[in-house]
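One structure is given below, encoded as structure tokens.
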Amino acid sequence: ARAKRQTLAAVVMSAQSAESMASRMARDLIAMDNPDYLQHYVRQIEAITADELQAAADALLTEQRLITVTLHPLSPGQQVTAMQRDPDELDVDTLPAEPVELDNRHLVTKLQDTTQDEVRQALEITPIERHVLPNGLRVLVQRSNMVPAVSMQLFQLGGLLADAPGREGVANAAAMMLIKGTNSRDAQEIARTIDDLGASLDTQSGNNTIYLQAHCLSQDWQEVLELLADVALNPSFPADEWAKLQPRIVSAIASQKDRWSGELSTKFRETYFGDHPWSQTTLGRSEVVAS
């Protein structure tokens, strides 16, 4: 059930932009002769049973088909000759040739023929509604029926501008720790809930803001919103989770200079912004995070 939900969510989330939808429709039209093949694919995924999966595994995952590949380093002085095809093995002049006409008009006609007899749901995108809650929180809501998914984002002032000069990196560390445990959930429970739903929950620290964002299937939005609120309002910052995250952030800061583009960007910020917090990347200073 978890794998099914994750697959469905991945399919839905992959069609959230005009570019991705056009790309998907084009591939399905050319390969499957149906621009709406995605709907068929989703229905087939939903119909799969555990017994069918077991039968497929029994038929395909057999020891006779198991291949183990082991890579060993070369011995001193050993040379490897690249594999090459024998030039006498194949005469390309004898291969059959068939011209292919790449005409987009043919695809357009096929698309029209496929869809002209179907009743389609009109795309609905409502105007953005603005609400101010009693606590002052400003809420922007917009409905779209383009995909059966919900996207939630929470922004607050912070990021590098919230760090004291010379202490850049604290805000980012705090943002990354938000999903590492709350007063009622540990990091594993948060991750497991998101994983089971095929959803996503992420926290980021930017130049001016700290923000949380979540994506989920439309039927799960209330559960994911409650989790998002818990992460935002009740983080516990457990020491054991920080002990695991801290060296990862320090390593990420160091790896920014692994490529010339990253090193150039780092040097530019330091030179251009001087004593301003933006002189550092959002990850902050290595010595600050290490302490």
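Heavy atoms only, probe 1.4 Å: what % of the accessible area of the chain goes to carbon and sulfur, would you let me know? Spell out each step's value before the answer.
Working: 11390 of 20830 Å².
Roughly 55 percent of what the probe reaches on the chain is carbon or sulfur.
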For the stretch 127-137, what does the Karplus curve 6.51 cos²θ - 1.76 cosθ + 1.60, with θ = phi - 60°, yield as ³J(HN,Hα) per residue in whole Hz, taken in order and with x for Gly and Pro?
-> x, 6, 9, 10, 10, 10, 6, x, 7, x, 5
So what is the relative contact order for the chain, in percent, with contacts set as C-alpha pairs under 8 Å and at least six apart?
-> 19
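Taking N as the number of residues in the chain, what value does Rg over Cα atoms divided by 2.2 N^0.38 Å take? Let's see the in-between values first.
On the way: Rg = 26.5 Å, N = 291, 2.2 N^0.38 = 19.0 Å.
In units of the globular-protein estimate, the chain measures up at 1.39.
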Straight-line reach from K180: which lysines have Cα under 22 Å away, leaving out those fewer than 8 places along the same chain?
-> K244
Added length on full extension, which subtracts the Cα-Cα distance from 0.36 nm per residue, A22 to Q219 = 68.4 nm
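What's the ranking of 81-91, 165-175 by average number of surrounding C-beta atoms within 10 Å, highest first? Walk me through the intermediate numbers first.
Values: 81-91: 6.4, 165-175: 19.2.
So the order, starting with the most tightly packed, is 165-175, 81-91.
With all protein chains present and a 1.4 Å probe, how do M13, M177, M146 order by accessible area, largest first? Please report the intermediate quantities before stating the final value.
Working: M13 45, M177 5, M146 65 Å².
So, going from the largest accessible area down, we get M146, M13, M177.
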Once you put a point 7 Å from the Cα of A3 and another 7 Å from the Cα of V92, both along the Cβ direction, what distance in nm separates them?
-> 4.2
Two pseudo-spin positions, 7 Å from Cα along C-beta at A122 and at K267, lie apart in nanometres by 5.9
Percent of all Cα-Cα pairs per 10 Å bin for the stretch 162-222, counting from 0 up to the last occupied bin, reads 20, 43, 27, 9, 1
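Using r as the Cβ-Cβ distance of H131 and L61, and R0 as 45 Å, what FRET efficiency do you calculate, to the nearest 0.05? Please list the in-between numbers first.
Numbers: r = 53 Å, r/R0 = 1.17.
Once rounded, the FRET efficiency stands at 0.30.
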Run the 1.4 Å probe and let me know the accessible area of F155, rounded to the nearest 10 Å².
-> 110
When the Karplus curve 6.51 cos²θ - 1.76 cosθ + 1.60 is applied with θ = phi - 60°, which whole-Hz ³J(HN,Hα) does each residue of the stretch 144-150 get, with x for Gly and Pro?
-> 9, 9, 5, 9, x, 9, 10
Put a dot 7 Å past each Cα toward the Cβ at Q153 and L233; how far apart are the dots in nm?
-> 2.3
Would you pull out the residues with amide H under 5 Å of N34's amide H, same chain only if 5 or more places away, H placed 1.01 Å from N?
-> L29
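What whole-number value in Å² describes the accessible area per residue of the chain for a 1.4 Å probe? Don't skip to the end; give the middle numbers.
Numbers: 20830 Å² over 291 residues.
Per-residue accessible area for the chain comes out at 72 Å².
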Efficiency of FRET from Cβ geometry, D186 and Q39, R₀ 51 Å, rounded to 0.05 = 0.85
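Quick one: compute a quarter of the convex hull surface over the Cα atoms of the stretch 21-75 and quote it in nm². Walk me through the intermediate numbers first.
Values: hull surface 31.0 nm².
If I average the Cα hull's projected area over directions, I get 7.7 nm².
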Amide H neighbours of A149 at under 5 Å, excluding residues fewer than 5 places away on the same chain, with H built from the backbone geometry, are S218
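The values are calculated or read from the model by the stated rules, or taken from the named source; none is laboratory data. Since we're looking at a predicted model, the values are computed, not measured. Because the Cβ atoms are built from the backbone with ideal geometry, glycine has one as well, and the counts that use them run over all protein chains shown. For the accessible areas, the whole protein counts, side chains as well, though only heavy atoms, and no ligand, DNA or RNA atoms are used. Shrake-Rupley method; radii C 1.70, N 1.55, O 1.52, S 1.80 Å.
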